[in-house]
Structure formats: structure tokens, C-alpha cells
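Step one of this worksheet: look at the structure below.
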Amino acid sequence: MSCKHKHIAIVGAGASGLFLAKKLSEAPNLEVSVFEKNRQVGAKLRASGGGKANIFNRDIRPEHYNQPAFVSDLLSRYTPEQLENQFAAWGLVTVADEEGRVYPASQFSQTVVDVLTDFASDNIHLKTEHNIQHIVKEGDKWIIDDEPEKFDVLVLASGSPAGMIPKNQRGYNGYLQDFSLKTNPLQSSLAGFLLENYPKSLSGCRTKAIVSLFQDKKLIHKEFGEITFKDDGVSGIVIMNLSAYYRRLSSTHDCRLEINLTYWDENFDISAYLRNNQNVTGLLHPKLAAFYQQHPFDIHRLTFPIADTYSLDTAQVAHGGIDLSEIDYRFKVKNVQNLYLLGEILDVDGVCGGYNLFFAFASAAVVGAELLR
Ligand SMILES: Cc1cc2nc3c(=O)[nH]c(=O)nc-3n(C[C@H](O)[C@H](O)[C@H](O)COP(=O)(O)OP(=O)(O)OC[C@H]3O[C@@H](n4cnc5c(N)ncnc54)[C@H](O)[C@@H]3O)c2cc1C
């Protein structure tokens, strides 16, 4: 598609919308308006990775997404290496940790937002405090609310309400009612677990553990890392990752967490330890040791039934969104001219470690290449 003199509207100035705008600023003959409901752009990107923004992973594996086939296909067209090169070309210096998680070298997410909003030409118009309510198509032009300008191409990049307080979730993406796109219900992913038969006395305890998610007799997923015990359940990166696999189950009945507290040795001989020691004070976090004193438990398998995940406002990403059957591999909506969808508005979610920002950026890169053709 030749986009000479085309007017492009992007709804949402988050990770994917800003990445696309930055790319399109390389073509000064395009006019691009980016509509953002907030006063500041890139709010979730700034909050990402605890303010450091884990912007992608060098080793993106499709099986860590809920849509492995689609992501596998995406990776055949856009790789983490291409993303790394793109950021480098834009002047963003990045560093990777031993797990392949990539961060800005500044260790500051604002740097990423600053790079993405440092446009190559003045063809990009950031329109903040524009909460888009309605979009209609008249002929081959898109009309957005009462904006005087009419647009040739529309890109929807308005993400999901995950991580937002419930008050701000209401009416989120309300303009999507103007489109008849198949949408799967939004549920929290990358969130903590609300547990049953859980002792509040553990609240505030942090420890390393090997944590397994079981459904009945079947091991669904197992990870090692730090977990935090809360008033009514557990959280931490390991737990958030397990919640992603929990969400992908067709039914979540009979699910439980098994926490192996002897992470340094899965088969640590507790009987031998207790033959030489009166209690587990020297072995476990004090809160866990106190709980053990009252209710002795198997320290290789501290088990709690899962009631649910924590709510969407505490989640890092939403499971659900616009069904992938609505788009083709270029992120273009099928049977609708000049309509594209990017990032988390789609029903794609990955685990922690840069997977979700990778998807947001990679989808924007694919659409950017298409619009610049
Ligand atoms: C606390 C937290 C930490 C995270 N950490 C990481 C991490 O380290 N690594 C990682 O890979 N992922 C992380 N994520 C997930 C990641 O931030 C998101 O998946 C990603 O930002 C999605 O990008 P997006 O462009 O689709 O949506 P967003 O970045 O959410 O952008 C959507 C934009 O659209 C705007 N918008 C919405 N509706 C409208 C409307 N009607 N009109 C106008 N504007 C609108 C929103 O205000 C927003 O600015 C984290 C998420 C959270 C909540």
C-alpha cells in the first residue's frame, strides 16, 4: 500500500502506539495523529518492570504465550534481534541480564518513552487528553469523535485495563462498541493467587521456593524464584507466571499450589534435620517456622487450593481481548480496509520477562513496515 499523503490515526499512545508513531516519523509525507486519553503518554510503559521497563527478551519462546502459533509466525517476520537493532538505531542503549531480559541501560523506563517520542520529523501530532468515544467510517475515511480531520488509516493501540484501578477500568476501550469485532472476556493474567485455607499469619513473609501449579494430579507448570505471602494469598514473578498458565486452562477447578521451601535441594532430608534439631527455626523464614510449629506441614509440599487470581487491577496483563481470527498476519483487520490492531488490545498475553512489551513493539514494527511500503 502506498501511503503518500495519507492521514493516519493511532488510538493510544502506549508502548505499541508510540513505537508505531516513532517509525512513521521516518516518513514526513505521512500525517499521523496519536490520540491518548491521559495527560501523559506511555503510562504503562513507564510503570513496567518496576520503573526499569523490561522491554523485551532475547530469547522469546512462543510457548510462553497463550497464542504460540500466532507468535511463532510473528517471530518468523520480526525477531528480538531486529527489535534490539531498531532500538539501537534510535539511540536507545540496552543491557541484557543472564536470563536474556533486556532493559534500557539507564535502568529507567522514562528513557524508552523519551526515545519513542523523539520523532524524526514534525509529522506526528500527539493529542493527549483525548479520550476517544466513537469512531465511524464514512466512505473510505475514518471519523473520530468530532475531530475535524478525516483519516485514511486507523490503528487501534489502546491496550487493556490490566493494572488500572477499577474506577479507570469503566468504559475502557468503549469506542470498540462501534466495531463488530469478536472479543474474548478480559481476565487477569500475571497476577497473584487468592488461596483457600490460607493462614493470614504468613502475611509479609518473603522466601525463595520451587512452586508447582497442579490441576488434580496433573502438573501444569513449575518455577523457581521468590514469592511473597500476602494477607490472602501469594504474589511474585514466579506466581505471576504460574497465573498465566492457570488462565489458559479451559476450566480452573481443582487447582492447587505446591510450594517446596527447600529450593536449594528439592530432596532435602527434613527427617535427618529434625533428628538433630528440635524445630525448623534454623531452616525456614521465621513466619513459616512459627506456622510449622503450630501446624506441622510437608516443607517440600506446602499446599493450598487456588480460589482465583487477584483482580485485573493488580494484574500486569489481561488475558482475553480481540480474537486473533479478526486479523491477518500483518495485524490488519480482515474484510475492513485500512484498520489495524496492535499490542494488548488483542487476545495475546505472555509471561513475565519482556514478553508483553515484545509483542506490543513487534506488532507495531510489522504494521509500521506495512504502512511505510
Ligand atoms: C505494573 C506493570 C508492569 C509491567 N511490566 C512489564 C515489563 O517489565 N515487561 C513487559 O514486557 N511487560 C510489562 N507489562 C505489560 C506491558 O506494559 C503491556 O503489555 C504493554 O504496555 C501493552 O502495550 P500496548 O501499547 O498494547 O498498551 P498500553 O501501553 O497500555 O497503551 C495503551 C494506551 O492507550 C490509551 N487509551 C486507552 N483507551 C483510550 C481511548 N479510548 N482513547 C485514547 N487513548 C486510550 C491508554 O491510556 C494507554 O496509554 C507491565 C504491565 C504493568 C501494568
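Where a number appears in this text, it was derived from the coordinates with a stated rule and is not lab data. Note that this is a predicted model, so its numbers are computed, not measured. Using ideal geometry, Cβ is built from the backbone for each residue, glycine included, and neighbour counts are taken over all protein chains shown.
Filter the GluC sites (Glu not before Pro) in the stretch 12-50 to those in DSSP coil with at most 16 other Cβ atoms within 10 Å of their Cβ, and list the result.
Values: sites: Glu26, Glu31, Glu36; in loops: Glu26, Glu36.
Sites meeting the loop and neighbour criteria: Glu26.
Straight-line reach from Lys6: which lysines have Cα under 17 Å away, leaving out those fewer than 8 places along the same chain?
Straight-distance partners of Lys6: Lys22, Lys23, Lys137, Lys141, Lys150, Lys332.
Place the peptides 9-15, 229-235 in order of packing, highest mean first, counting for every residue the other Cβ atoms within 10 Å and averaging per peptide.
So the peptides 9-15, 229-235, ranked by packing, come out 9-15, 229-235.
Find the relative contact order for the chain and round it to a whole percent, using C-alpha pairs within less than 8 Å whose residues are 6+ positions apart.
Working: 790 pairs, mean separation 89.7, N = 373.
For the chain, the relative contact order is 24 percent.
Give me the angle, in degrees from 0 to 90, between the Cα long axis of helix 15-24 and the longest principal axis of the Cα atoms of the chain, rounded to the nearest 10.
Roughly 30 degrees, rounded to the nearest 10.
Evaluate the Debye formula for the stretch 193-310 with equal point scatterers sitting on the alpha carbons, no solvent, and hand back log10 of I(q)/I(0) at q = 0.17, 0.23 Å⁻¹, in q order, two decimals.
-0.81, -1.41
Starting from the Cα of Ser121, step 7 Å along the direction of its Cβ; do the same at Val95; then give the gap between the two resulting points in nm.
3.7
Would you please give the FRET efficiency between Gln294 and Glu266, computed as 1/(1 + (r/R0)^6) with r the Cβ-Cβ distance and R0 = 30 Å, to the nearest 0.05? Intermediate results must be reported in sequence, preceding the final value.
Values: r = 25 Å, r/R0 = 0.84.
The pair Gln294/Glu266 has a calculated efficiency of 0.75.
What GluC sites (Glu not before Pro) in the stretch 145-249 are in a loop by DSSP, with at most 13 other Cβ atoms within 10 Å of the Cβ? List each step's numbers first, then the result.
Working: sites: Glu149, Glu196, Glu223, Glu226; in loops: Glu149, Glu196.
Hits after loop and neighbour filter: Glu149, Glu196.
Under Stokes-Einstein, with the Kirkwood radius over Cα pairs standing in for Rh, what whole-number D in µm²/s applies to the chain at 37 °C and 0.692 mPa s? Write down the numbers at each step before the final one.
Details: Rh = 22.1 Å.
Reported coefficient: 148 µm²/s.
With r defined as the distance between the Cβ atoms of Asn38 and Ala69 and R0 fixed at 25 Å, what FRET efficiency is calculated, to the nearest 0.05? Please report the intermediate quantities before stating the final value.
On the way: r = 34 Å, r/R0 = 1.36.
For R0 = 25 Å, the calculated efficiency reads 0.15.
Quick one: 3J(HN,Hα) in Hz for the stretch 328-336, Karplus 6.51/-1.76/1.60 with θ = phi - 60°, rounded, Gly and Pro as x.
9, 5, 9, 6, 8, 5, 5, 6, 10
Once amide H atoms are placed 1.01 Å from N in the peptide plane, what residues at a sequence separation of 5 or more from Thr183, or on another chain, have their amide H within under 5 Å of its amide H?
Here the answer is Asp323, since their amide H atoms fall under 5 Å of that of Thr183.
Lysine pairs in the stretch 193-310 with alpha-carbon atoms under 26 Å apart, 8 or more places apart or on different chains: how many are there?
Close lysine pairs under the 26 Å cut-off: 12.
When the Karplus curve 6.51 cos²θ - 1.76 cosθ + 1.60 is applied with θ = phi - 60°, which whole-Hz ³J(HN,Hα) does each residue of the stretch 355-365 get, with x for Gly and Pro?
5, 6, 5, 4, 4, 4, 5, 5, 4, 5, 5
Once phi is turned into ³J(HN,Hα) by the Karplus curve 6.51 cos²θ - 1.76 cosθ + 1.60 with θ = phi - 60°, what whole-Hz value does each residue of the stretch 229-236 show in order, with x for glycine and proline?
Residue by residue, the stretch 229-236 yields 8, 10, 5, 10, x, 10, 9, x Hz.
Sticking with the crude label model, points 7 Å out along Cα→Cβ, report the distance from Lys218 to Asn168 in nm, one decimal please.
For Lys218 paired with Asn168, the spin-label model returns 3.8 nm.
Distance between Cα centroids, the stretch 315-363 to the stretch 37-103: provide it in whole Å.
14
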